[in-house]
Amino acid sequence: MCTAAACLGQTVWTGHLDGAVRVHYLGRWDTVCTAVGCVPVRALAVDTKGQAWAGDDNGQIMGLRYDPHS
């Protein structure tokens, strides 16, 4: 598992062995992506716009966004 936090500290992203990416925002957990590549997520980073970048064991990178109002 890996984690990354947004600059303002309100959002924490987690990558999991089953390929899922989840986000914790103001006390609530949501699943953003159920399978980045169906392989373990090994790296997460968050850019200045709040977009998360997830990398998996196959070398694939996926950009993910989270809208807490949806």
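The values are calculated or read from the model by the stated rules, or taken from the named source; none is laboratory data. Predicted, not measured: the structure shown is a model, and the values here were computed from it. Positions of Cβ are generated from backbone atoms using ideal geometry, with glycine treated the same way; all protein chains shown enter the neighbour counts. Ligands, DNA and RNA are excluded from the accessible area calculation, which covers all protein heavy atoms including side chains. Shrake-Rupley method; radii C 1.70, N 1.55, O 1.52, S 1.80 Å.
Couple of notes before you dig in:
- Within the chain, the percentage of alpha carbon pairs spaced more than 20 angstrom apart rounds to 18%.
- Per-residue ³J(HN,Hα) for segment 38-54, Karplus 6.51 cos²θ - 1.76 cosθ + 1.60, θ = phi - 60°, Hz, x for Gly and Pro: 6, 10, x, 7, 10, 9, 9, 8, 10, 8, 5, 8, x, 7, 8, 10, 10
- Solvent exposure of the chain, expressed per residue, is 61 Å² of accessible area, with all protein chains present and a 1.4 angstrom probe.
- Shown for the chain: the carbon plus sulfur share of the solvent-accessible area, taken with all protein chains present and a 1.4 angstrom probe, equals 53%.
- Remark: segment 24-29, residue by residue, has Karplus-estimated 3J(HN,Hα) of 10, 10, 6, x, 10, 9 Hz, where x stands for each Gly or Pro and the curve is 6.51 cos²θ - 1.76 cosθ + 1.60 at θ = phi - 60°.
- Listed residues Gly15, Gly55, Gly27, most fluctuating in the chain (Gaussian network, C-alpha, under 10 Å): Gly27
- Projected label points at Ile61 and Ala45, each 7 Å from Cα along the beta carbon direction, are separated by 0.6 nanometres.
- Across segment 55-70, coupling constants 3J(HN,Hα) worked out from phi with the 6.51/-1.76/1.60 Karplus curve, θ = phi - 60°, read x, 10, 5, 8, x, 7, 10, 10, x, 10, 10, 10, 10, x, 9, 8 Hz, and Gly and Pro carry x.
- Sparsely packed trypsin sites (Lys or Arg not before Pro) within segment 11-70, loop by DSSP, other Cβ within 10 Å at most 11: Lys49, Arg65
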